[in-house]
1. Report the longest stretch of chain D that contains none of the trypsin sites (Lys or Arg not before Pro) sitting in a DSSP loop with at most 10 other Cβ atoms within 10 Å.
2. Quick check on the protein assembly as shown: helices-only [θ] at 222 nm, where DSSP H runs of length 4 and up contribute -39,500 (n - 2.57) each and the sum goes over total residues. Nearest 500, please.
3. Between region B:69-128 and region A:247-300, what is the C-alpha centre distance in whole Å?
4. For a quick check, take a GNM of chain C with Cα springs below 10 Å and name the residue from C:28, C:48, C:169 with the largest mean-square fluctuation.
5. Could you work out which residue, out of A:136, A:326, A:285, moves most in a Gaussian network model of chain A, that is, has the largest mean-square fluctuation with Cα springs under 10 Å?
6. Assuming R0 = 56 Å, what is the FRET efficiency of residue A:317 and residue B:396, from their Cβ-Cβ distance, to the nearest 0.05?
7. Can you tell which of D:35, D:148, D:206 lies farthest toward the positive end of the dipole of chain D, using +1 and -1 charges on the Cβ of basic and acidic side chains (Lys, Arg; Asp, Glu)?
8. When chain C is turned about an axis onto chain D, which of its residues keeps its C-beta closest to that axis, and how many Å is it?
Amino acid sequence: MDFEPAYTPDQEAFRKEVRSWLAEHVPVVEGNPDSDENYPKYREFGRQLGGRGWLRPTAPVEYGGGGLTVDNAIVIGEEIDVYDLGLPPYYDTGGTLGGASILVWGTDEQKLRMLPPIFKGEVVTWQLLTGPEAGSDLAGTQTEAVQDGDDYVINGQKIYVGGSHGADYLWTITRTDPKGKRHENLSWFLIPADSLGITINPMELMGDGGEGVGRSYKNTIFFDDVRVPASNLVGGVNNGWKVATTHLELEHGSGGRIGRNRWFDRARQRAMGLKKAGHPILEDSDVRDRLVDVFVSTEIARLFDLRNFWMNRSHIEMTYEGPQASYFRKMAHLATAQSIMELVGPYALTNDTRWDTSGRQLDAFMKSSIVDLHPGATADIQKVIMARRIGIGRQVKEKAGKTVE
Amino acid sequence: MDFEPAYTPDQEAFRKEVRSWLAEHVPVVEGNPDSDENYPKYREFGRQLGGRGWLRPTAPVEYGGGGLTVDNAIVIGEEIDVYDLGLPPYYDTGGTLGGASILVWGTDEQKLRMLPPIFKGEVVTWQLLTGPEAGSDLAGTQTEAVQDGDDYVINGQKIYVGGSHGADYLWTITRTDPKGKRHENLSWFLIPADSLGITINPMELMGDGGEGVGRSYKNTIFFDDVRVPASNLVGGVNNGWKVATTHLELEHGSGGRIGRNRWFDRARQRAMGLKKAGHPILEDSDVRDRLVDVFVSTEIARLFDLRNFWMNRSHIEMTYEGPQASYFRKMAHLATAQSIMELVGPYALTNDTRWDTSGRQLDAFMKSSIVDLHPGATADIQKVIMARRIGIGRQVKEKAGKTVE
Amino acid sequence: MDLSLTETQQLLKSGVEDFIARESPREAIVELARTETGYSADTWKKAAEIGWLGMAIPENYGGSGSSLTDLAVVYEALGYGPVPGPYFSSGVLSAHVLLALGDEPQRSEYLPRIASGEAIFALAITEPDWAWGVDGVQMHVHRGGNSYTITGTKLFVYDALTADYLITAVRTGDNPTDIGFLIVDTKAPGVSIRRIEGFFTSECEVTFDNVKVPGDVLLGGSAAALSGFENALRHSTPILCAYKVGGAQAVYDMSVEYSRERVQFGQLIGRFQHVQNHIVQLVNHLDSARWTTYEALWKIDDRKPDQDISVHLAKAVTSEGFIQATNYAHEVHAGVGVMREYGLSLFTQLSRSLYHSLGDPKYHRRKLADLVADYDPSLASDGSNGTGY
Amino acid sequence: MDLSLTETQQLLKSGVEDFIARESPREAIVELARTETGYSADTWKKAAEIGWLGMAIPENYGGSGSSLTDLAVVYEALGYGPVPGPYFSSGVLSAHVLLALGDEPQRSEYLPRIASGEAIFALAITEPDWAWGVDGVQMHVHRGGNSYTITGTKLFVYDALTADYLITAVRTGDNPTDIGFLIVDTKAPGVSIRRIEGFFTSECEVTFDNVKVPGDVLLGGSAAALSGFENALRHSTPILCAYKVGGAQAVYDMSVEYSRERVQFGQLIGRFQHVQNHIVQLVNHLDSARWTTYEALWKIDDRKPDQDISVHLAKAVTSEGFIQATNYAHEVHAGVGVMREYGLSLFTQLSRSLYHSLGDPKYHRRKLADLVADYDPSLASDGSNGTGY
């Protein structure tokens, strides 16, 4: 067994190149990275990464990726991780998941047309997975697309979409055969965000600021007779559920990651600054116990992700591992948030400029640990999928979705 | 609100009578109360209690009970509780639950014939609820009773029955209409244990001693063409499920109790005798934390039982409270067993004459906290019943079974 | 034994519930959370008129001297709202502290104004070196002529922004019992108060910059005073618990209701055992909070032994239970639960914000350990009841 | 990066599994639990012939000097049985202690006999004042002429009943580091050993009554020796973890299998989400135990930094996880699970019995706290990998 990536001299040389390039290009910002002031800097940094092919390092060059090996991609990931950033360095999960779906299910023409803008960081893409009537039950979507000549006309509503800085493309799953069998009546579309008939309204979620809408938010999107060219239908008519299984699988954690245990670091850093009745709280055995709680559960989450990363990259057949990592992380974060609240006291609950020293991380985590229980399939759904994949109460195990071409 | 029973001067006088009678009659034994040597002493004590009507204090005198008020019954319960005993002071849940069923569903003739021996402590009665094919699913029993003249002929098998000292009567639910609808094809029988065709074999369960069968055990009972008079069918032909709801309800905790928090006492007592590297472990804050875990969860269990006792005796309509108390206690005991194991260390795992000072209580609890997850409906089933009674996902709430005439 | 409310309490309960449904429905509460003060002064006035703010205050000081159980009936309903505002801080906590520590002129001056709702009080104990209780008080007071001078920061002070007076704990010397309480007018020069940003509800930062406080307003300052302060906490804590029980009840009702409405995969979600499990765990936390709280109320009202055991137990159980109740409710509701307008997140936020108020569960569990680890039931119980430990 | 076993390890694994299926099937293990010694001397001999008892011992002492991961492959399969016997006590723990602390003559005398299975060793550390580790050692040794004399009791000593020699920790002075280890022949006059009754598997009471031990068998007795002892524990603990991982895997397999067979209410029980939930939680505990253990093995085999962090993490996680795994399995199995002949309760008993072995989770979590609370990743990590904390 070997838990570390091994690097050749070439890769170590590549690491130096990446490191020095990043040192020059990573934006230096203060305060909330998602603020109106700071977001454009990260957006621009993303374009620069895309220009070098480092935004989607392993994607083929012809589609706008870097065409790099997995090992070099890991090097980039590790180096950007030093800055506490990921790829892309802003909210674009629609591009990550949608890009994977197009890569697996698109025609050559679609790949050449759709992927380069995404992979080069020229556009931001949102995924639209949840409808007011269909939350966990994606296949039960009420959004409809009806063919009309060379176009489809889409009507419906999606919620919990995107972030606070707009998008260039949207993708979603629509019902294209209202009378068809479940899972065989859906189609997958890439939709320009500026199409006529699209209305985007901010939604207020828990923890968004008191006055108006705060820091980062989600949106409700209405489709009123939105026309989309039929050439933007990916994966074939009424084959949308299969396309969805690709991004659902990735969203459920099957991609894995090589990560650090950030929440432990953050909790410890915050605790280091605090005293209780004159003594550093880190000397208190209760505080240390909670810190170990954080350490243990986030280390296990890290190991599950690492295992999934290895399985995914080694093309080992996965079953329950993706949703397991996702479920475990959701529950571990909920418990970790409480441990942090116990260990640093009320300081966990503030992003006040004077009293918070965590860069707003802890306060945001108190909310996100709850909000994140649901997106990408709820914790309950992850358990349901695990049970099917394990084969609990059934001889035939359900197979995982296809995540590579 | 008043969490204590209130006593009249008459009741306090009655308490004195009970207290002095008990001081004279409670057997003084050493070691395991269920041993072949000690059990007969408790059995005899039960007969003496029964002779005074104190074994089933509130049951009508004509049926062998004491005809006492609830308050006087509480007095008896409290006084016998001082000796860490209950009513009856040995294993006879078949009499407790079966007696209640007969009282609710029996004809006058049946009550006069069947109840006095039970309520006077003359006989020991076992309930037979579990078959090899039907554990939680009592209504799915495979045991059959076929009418033949004035008798029914019973065939089948029951498991996890009784204890280690035999019984005089058995009762069970049988299928009397193989083609009938679920819940409408069962009948309830009281069966003399010495009937021809009954075979009783001990079962070995977890934690029974290493050589042969240990301390107290359960049995497998086989019925081979066992003839039972039709007059022993209680509650009407094919009406057995309704009879069962009475004892199931009581078994599920709806009767409640006024109890003390014994496991806290036992854990603390054991811890008081121990040192760790020379220091009393009770001074260790980790040990105290675990002790508080035990205290908190067993206090809540006590309060749930107390609430149920009050609701039951005050004839307040109960819904989910019975199974809640049962579910909570099962899970609380499982957690409490682990807390005790953490707080007294390996000493929790021994009933060794030299190294155990808990009177075998802790070691037995390590096993019983697991074994008890299942009888009287599993923890899962208790949750299912709670959900129906609360009305989760349904407008019409399921009603609780009838526990009083 | 009778675990039900009296008929009068039942009437009180439905009266309070009707009032809240009329004056402060959930939609209005969602809107209040956006405002600067975070509560409705109008509702406050009406509540004062009905007499809620005087319930903890004896009749001779303009209150009604109600039992704790009566008080809890009101606060459970407020928690169900959850009606925001300095009700508890002023009408319960500060009232109890003034009653316990004030001399006759102080009581006569302030208690009637608390009862009438005219003056709002809050309690400022905790400081940047956060720890609950007087052990955490490090701010020294300086006596100068006929007044005291204080400089320093009190942190995480609930309801300070809306208070007219802060009962402020200060250190009068270096001995553990050298703790006094000053009544500080929030409009006095040198006092600045601001709400702290974050997931909090009403926690504030209070800064004192050479604030001069007239010399006759120091409460306590002795071991006996500290014991009075503890008594005030003993009587206030179960009321805060009742407020949380009300919150947990609301969260439970919302979850059961939603389980009967929301359809996914062609079924009411409440038919899925995963969802059932969340609600079962929720009601177990709710009922644990409820009955530990009720027993504490009863013990104090009926002057039973072992009050502190029950108070610490109730506080530890309700603080943890309220958080767990909201977590399970979020699992039931998924996305809808985090939409601000739906209202569930009001309770989520409250459960976190109040977690540390009057001491977090760890604090109360350690106190409990001190009381029960060496407990001898024969010393406290009367030997005839079944509630000995 | 490659988290799979090597081809050789795969072969080893299937070899061990075949052997156990043939020599020690579950039914036989259920029967063994009734016997006085609790294990099969016949299986022991065959295992020794294959070489399992020498895997932790270098070739020059008659072993095969295998990697820890190889060793873990064997012990995971033994835990799956769960094959009982002093395999771990003798072939791993005692072998590692002798290797770390023995001088050349001692190693040469004892290690080949351990490897051949001819001599069985066990480690006697803990005493009636129970605490894991050398801090708990209070039994003093008396030097007299050319021998040592010991009197006292060692308690909860795993496998003492079947051992030929006990490596016995004694106090040689009053300083914390004054700890030595005597090799005591269990047949020496004054040694009495009996198994302790209860839910234990192989825990024994060992009484020494003026036992004389020849003077050349004291291992260690210095700070350096203690560090060697710690190193022996560092190398042994992940093997015990692997044994528990095997046990948890067995319990998982039994539960999944049962979920596919047992029908209740007209359905396979595995179709009920409550049952699914138990198995999901079970596999989460299993995989947590597995991957923390594997990372610890890798770190030691590959001489990576932060070995102790991973060892303490693995031990805390596997001890707790094994207990939880059995609890969930019992919820899946209900009544059948507590029938002795079914075999599930073998694991239940083992999970409790081994909970305290080599330190309970609290012990390891506190050690972990000491290592991570003030951890500076720049000091330990090579700066290029992603596994810094």
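1. On the way: sites that count: D:187, D:303.
In chain D, the maximal stretch lacking such sites is D:1-186.
2. On the way: 46 runs with 698 residues, N = 1588.
The per-residue figure over the protein assembly as shown is -14500 deg cm²/dmol.
3. 56 Å
4. C:28
5. Comparing A:136, A:326, A:285 in the GNM, the peak value goes to A:285.
6. On the way: r = 46 Å, r/R0 = 0.83.
The value I calculate is 0.75.
7. So the residue we want is D:35.
8. Here the nearest residue and distance are C:273, 2.
Each reported figure results from applying straightforward, stated rules to the coordinates on display, with no laboratory input. Treat the numbers as computed from the prediction; the structure is a model and nothing was measured. As a convention, Cβ positions derive from the backbone with ideal geometry for all residues, glycine included, and neighbour counts pool all protein chains shown.
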